[in-house]
Amino acid sequence: MTNDAIAIYAKRRTQYAIGKALPISEAEVEALIQQAIRLAPSSFNSQSSRAVILFGAAHEKLWNLTRETLRPLVPADAFASTDAKMSAFAAGAGTVLFFEDQDVIAELQQKFPLYADNFPIFAEHSAGMAQFAVWTALAEAGIGASLQHYNPVIDEAVAKEWKLPASWKLRAQMPFGSSLKPFSEKTFIADEVRFRTFR
């Protein structure tokens, strides 16, 4: 089957070996990320997803901040691998921080009380779609990335460093940059385990 969307999805892979040389300008990367999030669907068109885009020194500061936040939490004899991960992420060109605005969720809960319990779940769906949209757009532009989750450990430090609204809840971090290694072959579980079709 030939399908342009599927062909683009196939390019989206986890890339841990990233460098600072981007195939497009930082301004183009910024616009690409913004447009991807703008077009990502959200329940009730809530548009609850928020993003902070870090380049250069700000990007490196994030991973140094994460390193130092984790240092007292990770046993000293096991910290070398954590340290190496932080250095690998910092070696990239930038990071996207993904947030969900809790004020938007609370407003929807008040406006539609019948669905109140579900809006936090719906927001997680929106977050995932925004992350996938950005990741796929970066892959199509020839930029490698991975999705990380050091929240909630770094939430307070990130909010303080970049003076972010208290309602922004950190959901994921996406370091990105030039792909320095080829991707390994992707494996899939059997279709009969994963899918069922009825007619």
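Kindly provide the set of residues from the stretch 129-156 that are surrounded by fewer than 15 Cβ atoms within 10 Å (Cβ to Cβ) and touching a residue at least 12 places away in the same chain (Cβ under 8 Å), ordered by number.
142, 149, 152, 153
What tally of residues in the stretch 178-199 results from selecting those that are surrounded by fewer than 10 Cβ atoms within 10 Å (Cβ to Cβ) and among the polar types (S, T, N, Q)?
Within the stretch 178-199, residues that are surrounded by fewer than 10 Cβ atoms within 10 Å (Cβ to Cβ) and among the polar types (S, T, N, Q) number 3.
Scanning the stretch 157-177 for residues that are loosely packed, with under 14 Cβ neighbours inside 10 Å and not charged (D, E, K, R), which turns out nearest to residue 30 (Cα to Cα)?
Per the criteria, the residue is 165.
Residue under question is residue 68, and the condition is that it be under 19 Å from residue 158 (Cβ atoms), acidic (Asp, Glu) and over 15 Å from the mean Cα position of the chain (by Cα); does it hold?
yes
Since every read-out is calculated from the coordinates, none of them should be taken as a lab result. These figures come from a predicted structure and were not determined experimentally. In this analysis, Cβ positions are derived from the backbone assuming ideal geometry, glycine residues included, and neighbour counts consider all displayed protein chains.
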